[in-house]
Structures are given as C-alpha cells and as structure tokens.
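Structure first, commentary second.
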Amino acid sequence: ERLAHHVLQMPPAEALAFADAIREVKQNLRACRVCFNLAEADLCDICSDSRRDRTLLCVVEQVRDLLAIEQAGAFRGVYHVLRGRVAPLEGTGPESLTLDALADRVGREGVREVIMGTTPNVEGDATAIAVMRRLEGLPVEFTRLARGLTVGASLQHANRDMLADAINGRQKF
C-alpha cells in the first residue's frame, strides 16, 4: 500500500523509469547455478571471483543474509543460499530447501568448513540441523556464526538467550 502511494506521488517520468527498472530486474536477474545468489549470468560475482576461498562455505537462508555478511567485508569464502528455512508451522520442511544442490557441491568442490549462517532462532537452528543431517558423512567441519551480545549492547537490555549465548561462547581477552 505504501509503495502504491509512493508511486502515485512520483512524477510520471520517474514512475515510468521505476517500472522499467522493475522489468529489467525480472528479465535479467536469475539464481546463480552454483550458490543460488542473484546473478545476471550463470554465475554470480562471488562464484566467479577466483580470489574467494572455496574451501570455506557459509550457508544462509536468503540472499539478503548473504548481502548482510558481504557488507561486513570480513568473509572471503563462498556461500550457499537455501532459499528459505525449516518452519513446520508455515509448512516448510527441509525438502523445500536447496539441500541436494548443497550436498552435491560440498562433495564435489573440496569444502572443508561449512559455516551455519542461519538466523539465531528456533527455525534457524532447525535449518542448521537439517543442513548437518544432509551433509552427514562428508568430511567437513561444521561451525556457526558467533552469538551473544552486540558491540555497544547493554547487559540490562539483553534477553536471556542472548546472554546465555554470550556466556557459552566467551573468548579469551
């Protein structure tokens, strides 16, 4: 509704340019054939970058999660986008995810570490478990993104799960 109101407020030329941009996105963007990131060709920019560490693979639920990690600028491995998460209450099970493609890829490409970049909640943990079960028997180490307090967070405003993760994942100072 807000988008419709915004478009109605745009000058006609701007609205038509916006419509053309939407058309171009629908015509030119597709899923990368390797990782399911957004791509204009068969491979996305990350999969086609020879400087990436292909032995280090971060599994994320959605493309927007990949983009968030990329913006941090600290990860130089590759990704795999699951295109969803395990959410039984929403009718989404492991069979809805790109797990078969992930297993084929891990077995074929010499991945040594799979980082679970799933959301730190019940569905994200269920998704990470589904990934681990699907990759069972493959010679990879499983890790997950660190959890706990964010920089600048106040202890009094942190919830108990966040504090528990922070205590359990503590590091040497």
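The values are calculated or read from the model by the stated rules, or taken from the named source; none is laboratory data. Because the structure is predicted, anything quoted here is derived from the model rather than measured. Positions of Cβ are backbone-derived with ideal geometry, glycine not excepted, and every protein chain shown enters the neighbour counts. Areas reflect the complete protein model, heavy atoms only, side chains present, ligands, DNA and RNA absent. Shrake-Rupley method; radii C 1.70, N 1.55, O 1.52, S 1.80 Å.
Restricting attention to the range 1-93, close to 40% of DSSP beta bridges with both partner residues there are antiparallel. If R0 is taken as 22 Å, the Cβ-Cβ distance between Thr150 and Gln62 corresponds to a FRET efficiency of 0.60.
Per residue, how much accessible area does the chain show when a 1.4 Å probe rolls over the protein heavy atoms, in square angstrom?
68
Couplings 3J(HN,Hα) for the range 99-107, derived from phi with the Karplus relation 6.51 cos²θ - 1.76 cosθ + 1.60 (θ = phi - 60°), are 5, 5, 4, 5, 4, 4, 5, 4, x Hz, where x marks Gly and Pro.
Under the rule a/c < 1.5 gives rounded, and otherwise a/b versus b/c splits prolate from oblate, where does the chain land using the Cα gyration tensor? Oblate shape, in that a/c is at least 1.5 and b/c is the bigger or equal ratio.
Across all Cα pairs in the range 80-173, the calculated P(r) in 10 Å bins from zero up to the longest distance comes to 15, 40, 28, 16, 2 percent per bin. Close amide H contacts of Thr92 (hydrogens built in the peptide plane, cut-off under 5 Å, sequence separation of 5 or more or a different chain): Ala87. Near the amide H of Tyr79, within less than 5 Å, lie the amide hydrogens of Cys58, all on another chain or at least 5 residues away, with H placed in the peptide plane.
Taken one residue at a time, the phi angles of the range 10-23 give Karplus couplings (6.51, -1.76, 1.60, θ = phi - 60°) of 5, x, x, 5, 5, 5, 5, 5, 4, 4, 5, 5, 5, 4 Hz. Gly and Pro are set to x. Around the amide H of Val34, modelled in the peptide plane, lie the amide H atoms of Cys44, all under 5 Å away and 5 or more residues distant in sequence or on another chain. Helix 122-134 axis versus longest C-alpha principal axis of the chain: approximately 70°, rounded to the nearest ten.
Annotation note: GluC sites (Glu not before Pro) in the range 102-173 located in DSSP loop regions with a Cβ neighbour count of at most 16 within 10 Å are Glu136.
What trypsin sites (Lys or Arg not before Pro) in the range 71-152 are in a loop by DSSP, with at most 15 other Cβ atoms within 10 Å of the Cβ?
On the way: sites: Arg76, Arg83, Arg85, Arg105, Arg108, Arg112, Arg133, Arg134, Arg144, Arg147; in loops: Arg76, Arg83, Arg85, Arg112, Arg147.
Filter output for the range 71-152: Arg76, Arg83, Arg112, Arg147.
Of the residues Gly84, Gly117, Gly148, the one that moves most in a GNM of the chain with alpha-carbon contacts below 10 Å is Gly148. Taking the helices alone, the chain has a mean residue ellipticity at 222 nm of -12000 deg cm²/dmol, built from -39,500 (n - 2.57) per DSSP H run of at least 4 residues and averaged over all its residues.
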